[in-house]
Amino acid sequence: MNESLAIRARELTRTFGAFTAVDHITFDVRAGEVFGFLGANGAGKTTAIRMLTGLLAPSGGEAVVAGHDIRTESEAVKRDIGYMSQRFSLYDDLTVRENIQLYGGIYDLPPAEIRARMRRMLDRLGLQRSESALVRSLPLGWKQKLAFSVALLHEPRIVFLDEPTGGVDPITRRQFWELIYEAAHAGTTVFVTTHYMDEAEYCDRISIMVAGRIGALGTPHELKAQFGAASLDDVFVRLARPERAAGAAGAPGEPLAPRGATP
Amino acid sequence: MSATPAASPADAVVAEGLVKRFGSTTALDGMSFQVHAGELFGFIGADGAGKTTLFRILATLLVPDAGTARVLGYDVVSDLWALRQRIGYMPGRFALYPDLSVEENLRFFASVFGTTIAREYAQIAPIYSQLEPFKRRRAAALSGGMKQKLALSCALVHRPDILFLDEPTTGVDAVSRREFWDLLAHLRAGGLTIIVSTPYMDEASRCDRVALVQRGGILAIDTPAAIAASFGRPLFAVRGSDRYGTLRAIREYPNTGSVYPFGEVLHFTDARAATPPAGAARELESYLASRGLAAAVTPTEPTIEDTFIARLSAAQPEQAA
């Protein structure tokens, strides 16, 4: 196993009946990389992530995630990855400490180890005095930082983040990206999914799924250059709706030709 | 109900000192602003900044604790029944009937306002025609982008003079998001006043004017270009191979005014106002080189997000970037 790769996917495929949701995707994610995984609704992103996190068996191809084969070692995959979704990672009705204990327990960490890691985490976040506070009472920005740290509690090799900085103010958002960079710097691979291209700009490399395949992969800078686009948003729209970018207004199912929509 | 307001007021919304508290939380802390008739106006701020409370007050669904607001010349408290006929409101959460079909939802909203789909078809056609192929589908079974178009159709079916859209693009993919903004531009071109809220800075450029909101107050209000230009200091983009190491090194640089990640690069301001930009850039480059970091420092145009960060830092020094 190549230790410098956090994810190695080869011809990974998933079909549902006659429908191919993920169609032979091949890509690598390096250890310590901040990797953005993008795609329009229905492009196959969710299916791909469910396979990469050991929740869904592939129909074909293979992938090694955190050193484990997703087909034969899906339980080991789940143990060695972390996951944070924007809204549902922590329990609002539990205290900060209870959330951490619950999470540490799920990953079978010994109680003394949970206490030690909790102490370090709260010190680093400046949340020592909020240990007994209900999570619901914390400002959104703090909740997100805490959720991210909790997702790293069991020291996973890869952490999956779903729209990690949605809805927060621009300063909190940057503090969050610094936490992400810090984790990546320490060797944790960060796998980010998002609908927001300005969020994708913070990733080292991004891939954009289109109709079950990887339509583009590279650094944000490379993709903008490759598509001659001013922003990642333009790259995304061109990939997802080529007929629109070509200026074919009034295509079937899209009868409106809005003003100012010239290419 | 009070006297009939002027037929075409220059200001579609006039808010003066709006205050709203929920228990010990101050959601709106004395907010004042005007929105001109025919404008596409954006309120930009984080979750919890007060956007939804403001929209509920303007849509006559919530009474302010202090201050006044007039929408289309009507007071939002004393003239609410007259005003409700003339506003369209699309709440942030999908608020249609999931078990009713697309057509049934729209018919219901039309009937509430004493009209029919047929009578209002011209108004909603640009949006509704995209949904018509699915008109018998249950609303719950629509994609995010289609739900949003249905909600917009329902908010427009009584031909309002002003439209309030609370975070219409949250959770919608980039393609649908762009289509939605194109629709808003189209409606605005037809003369409708549109007030929209969003947590996303990149949507500001689609608005005629925007207000940056934080903690129930307005940090800035102007055209997107003017807000960006009001940054008022030389701003630099720092591009290096080790972004995190470079960020940490610049934090320790004695001349740093501010530094923060901005997409692929770092944004930096020099604390010394008098230093010419070319000199400041070269000095930072040589400082980074002395720390073993290869980075290119180039002047860059401030964006609305840079201004937002600067104003937030000034308003909340403990949060400074």
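Readers should treat all values here as calculations from the given coordinates under stated rules, not as data from a laboratory. Everything numeric here is computed off the predicted structure, so don't read it as measured data. So basically every Cβ, Gly included, is an ideal-geometry build from the backbone, and we count neighbours across all protein chains shown.
Worth pointing out:
- When the protein assembly as shown is described by a simple charge dipole with +1 on each Lys and Arg Cβ and -1 on each Asp and Glu Cβ, the residue from B:VAL172, B:LEU83, A:ALA48 located farthest towards its positive end is B:LEU83.
- Calculation over all alpha carbon pairs of region B:162-282 in 10 angstrom steps from 0 returns a P(r) of 11, 30, 28, 21, 10, 0 percent.
- Dipole of chain A computed with +1 at Lys/Arg Cβ and -1 at Asp/Glu Cβ about the Cα centre; of A:SER149, A:TYR181, A:ALA76, farthest Cα towards the positive end is A:SER149.
- Divide the volume of the convex hull around the Cα atoms of region A:40-118 by the residue count and you get 118 Å³ per residue.
- Highest-fluctuation residue, B:ALA296, B:ALA15, B:ALA59 considered, GNM on chain B with Cα pairs under 10 Å: B:ALA296
- Helical content alone sets the calculated 222 nm signal of chain B at -10000 deg cm²/dmol, taking -39,500 (n - 2.57) per DSSP H segment of four or more residues and averaging over every residue.
- Convex hull volume per residue in cubic angstrom - Cα atoms of chain B: 157
- Cα-projected label distance for B:ARG136 with A:THR72, points at 7 Å along beta-carbon direction, nm: 5.1
- Within 10 Å of each Cβ in A:196-207, the average number of Cβ atoms from other chains: 4
- The largest-to-smallest principal axis extents of the Cα set in region B:141-197 are 29, 20, 17 Å.
- Total charge dipole magnitude, the protein assembly as shown, about the Cα centre, Cβ charges on Lys, Arg, Asp, Glu only, Debye to nearest 20: 600
- B:ALA122-A:HIS24 FRET efficiency (beta carbon distance; Förster radius 51 Å; 0.05 resolution): 0.60
- Share of Cα-Cα pairs in region A:93-211 lying beyond 23 Å, as whole percent: 32
- In this structure the amide hydrogen of A:VAL210, modeled in the peptide plane, comes within under 5 Å of the amide hydrogens of A:GLY215, none closer than 5 places in sequence on its chain.
- Protection proxy ranking of B:304-310, A:163-169, B:106-112, by the mean of other Cβ atoms within 10 Å over each peptide's residues and highest first, is B:304-310, A:163-169, B:106-112.
- Where trypsin sites (Lys or Arg not before Pro) fall in DSSP loop in region B:1-96, at most 10 other Cβ within 10 Å: B:ARG93
- Taking only the C-alpha atoms of region A:1-144, the Rg (one decimal) and the largest Cα-Cα distance, Dmax (whole number), read 18.2, 55 Å.
- Cα pair distances exceeding 14 angstrom across region B:243-321, given as percent: 63
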